[in-house]
Structures are given as C-alpha cells and as structure tokens.
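Worksheet: the structure to be examined is printed underneath.
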Amino acid sequence: MDVAAFRALEPLCWRAPSAHNTQPWRLDHRTAEIRVGWDPSDALPAADPSGRDLWLSLGAFVETCLVVAADAGLRVGFVPDHCAEERRVGWLRAAGSRYDSPFGAAEVRGRRTHRGRFTAGPPAEVVAAVDALAREVGGAVRVVPDADLLARLLRLADRHLYADPAVVGELRYWLRLHPGHPDYHADGLTDRCLRLSRAEATGLRAALAAYPMLRRLGLPRLLGTAAGNPLALGGAVLVLVGPSELDDTGMVGLGRVLMRVWLTLHAAGVAAHPLSQLVDAPTTRDALGVVLGVPAERLLHVARVGRPAGTAPPSARRIGGIAHAGH
Ligand SMILES: Cc1cc2nc3c(=O)[nH]c(=O)nc-3n(C[C@H](O)[C@H](O)[C@H](O)COP(=O)(O)O)c2cc1C
C-alpha cells in the first residue's frame, strides 16, 4: 500500500473519538503494511478495567482510517489480528478496491461530541438506520423509554464514578480545565468541550484538588450533583447493544460500528453525547439491562442523541491540531 500517501492523511484519521480523548491508537509504518496498536499509557485501567472503551475507541479509529483513505482514492483494508501481549489490534493493508462507505473526509472533520442543548431528539428513520447498522453484526441500537428512571440512574452512576479515587484520579489527569494547561491543544477534555464557565472550571479544579481530603466528607455526592443533569438538555438516550458472544476482536469491530453510527447521525444533522458512566457502574448497567430486556453485559455504549442547538467546540488532537500545525 502507498504508506507515504496514507501518512499524509493521518492528522484527519486522528479526528476519531476516544474515551477521555486519550487517542490511545498507535500506527507503525516500518513495513509495507501499517500495524495498528495502542499505548497502554493512554488506556484507562481504573475507569475502563475491561478495556471496553479502549477497544471501541480503537475500532472507531480503524473505521476512520478506512473512510479517510477511501475518500482520498486509496485502496486500504483492515485485517484484524488481535494480540494483547504485543498491543496490536490488526493491520491496515493494500486492498483490491476502495473501502465502501457513504461517508468521507467532510463527515470525519465535522463530527463532534456535543454536550450542550438539543432542540429535538433523533428522527425515527435515523434511529432505524443506526439500528440497522448494529443489526448487521448481530447487535442493536435501542432507545431507553423511561426518562424519569434514566435521570435517577444517571445520578447513581455519577455518584459511583466520583466515589472511586482511582477513577477520579484518571479523570483529573485527562482534564484540561485551563487554556494554560501544557496539553490543552493536544488531548484530554477541555473546559470548552465540557461547556464549563470559567467559574465552574475553577470550582471543579479546586474540588478535585481537595478530593483526597474531602472524599469521606461527602464530596463524591457533591460532585455527582454538580455534574448536573444532561438529560434536561434534551434528546433521546440510545444504547448500543452488542451480539451475545463478543471477544476483544469483536469489540474492536463494534467500535467500527459505533463510528458508522456516529457518522450516520452527523450526516443527518444529529449529534451524540456519550454517557458511559451508565454502563460503567454495575448497578445502573443491570437496571438498564432489565428495562431493555437485554443481558447487562451486552450493553456497550450509551449516548444522549439529538439535534444540536449550536456548534460544539472542536476537541484537541496530538497531531493536526492548531498547536501542532508544524508536525
Ligand atoms: C468509547 C467512548 C466512550 C466515551 N464516553 C464518554 C462519556 O462518558 N462522556 C462524555 O462526555 N464523552 C464521552 N466520549 C466522548 C469523548 O470524550 C470524545 O470523543 C473525545 O473527547 C473527542 O472529542 P470529539 O468526539 O468531539 O472528537 C466517549 C467516546 C468514546 C469513543
């Protein structure tokens, strides 16, 4: 394959989404095929002990690479070859034809996580379209019907998240709550993307700095409440359900489906705001499973979805970003 031509496209490939915007993927171009691996220092062992979000993010990256390459006229395919010891998920290699996708560079560039207000939920035909994508691999996309229950579950899930010092430590590490942060334009979650005012960002920084001391005095409950209720910002909550048997290779495949889902939503003028805490906390994951009539372990990803009221700010990237234009 034309490795040099593909390398020129990599800044756009890096627009793929990843949990906490850690960008865990790594490409190795030393051979005629490009090895797709990951760096464990960009994994989230506390927040994501099963690796679920790591595999989903790597799958989203693979799908993005294929879409971007095809749009540039390159014939590139992906061959899964999962090896945990060697930190590899597979290979990008020359293919007989261009990857077949209705999407291109424009959708990859334009898609953004949107944590703000939605003016309406996703149209029924868009939900049907993303459900059909998941069904191709034995999964489904389901709408959670009970808004009151969801609000209660989200409060529980937030409290669960903020009660674990290791999870909070990881979150704190990836938060960039001030433009002066050295990695503000490189990775992680910025105050702008999280839609925090200057005062809110300062308050959150102070609360997280005091966390070790205040943990026993009810800070987790306070932080959980301060997170607010994103469900009040409109939209519907969709759940990506996986097939019944799913190994790590399958999870990366589901990450590719997740990316196709997000690109489909974006092309229809609909944005997504993931709420992974709902499937991270065992209690809320079980409750969602009961509501949907699906075994809890098949629930892979949850997001609030709808028509955004405005434009979301672009998230940072290590390559191709404003601060890294010279790379
Ligand atoms: C597997 C996965 C899980 C995610 N979980 C959350 C989440 O729980 N809450 C959230 O606000 N964003 C979540 N995100 C969105 C990422 O934070 C986002 O993709 C990243 O910051 C890059 O921003 P972008 O999507 O606008 O390019 C998740 C993304 C992925 C791929």
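Plugging the Kirkwood radius over Cα pairs into Stokes-Einstein for the chain, at a temperature of 25 °C and a viscosity of 0.890 mPa s, what D comes out in µm²/s? It diffuses with D of about 121 µm²/s by this estimate. Over region 118-308, the hull volume per residue, using the convex hull of the C-alpha atoms, is 133 Å³.
Charges at C-beta only: +1 for Lys and Arg, -1 for Asp and Glu. How large is the resulting dipole of the chain about its Cα centre, in Debye rounded to 20?
Numbers: 38 positive and 33 negative charges, 217 e Å.
Rounded to the nearest 20 debye, it is 1040 debye.
What accessible area per residue comes out for region 118-308, rounded to a whole number of Å², with a 1.4 Å probe? Before the final figure, lay out each step's value.
On the way: 8730 Å² over 191 residues.
Ligands and nucleic acids excluded, the figure is 46 Å² per residue.
Ordered by 1.4 Å accessible area with all protein chains kept, 183, 191 run largest first as 183, 191. Distant-in-sequence amide contacts of residue 76, defined by a placed amide H-H separation under 5 Å and a gap of 5 or more residues or a different chain, comprise 95, 99. The mean of 1/r over all pairs of different alpha-carbon atoms in region 1-133, once inverted, gives a Kirkwood hydrodynamic radius of 16.1 Å. Pairwise Cα separations in region 79-213 fall into 10 Å bins from 0 onward with the following percentages, short to long: 8, 21, 30, 30, 10, 1. By accessible area, using a 1.4 Å probe on protein heavy atoms only, region 118-308 has 56% of its surface on carbon and sulfur.
The values are calculated or read from the model by the stated rules, or taken from the named source; none is laboratory data. Given the structure is predicted, the values throughout are model-derived calculations rather than measurements. Cβ coordinates were reconstructed from backbone atoms using ideal geometry, including for glycine residues, and neighbour counts include every protein chain displayed. We work out accessible area using only protein heavy atoms, side chains counted, and drop any ligands, DNA or RNA first. Shrake-Rupley method; radii C 1.70, N 1.55, O 1.52, S 1.80 Å.
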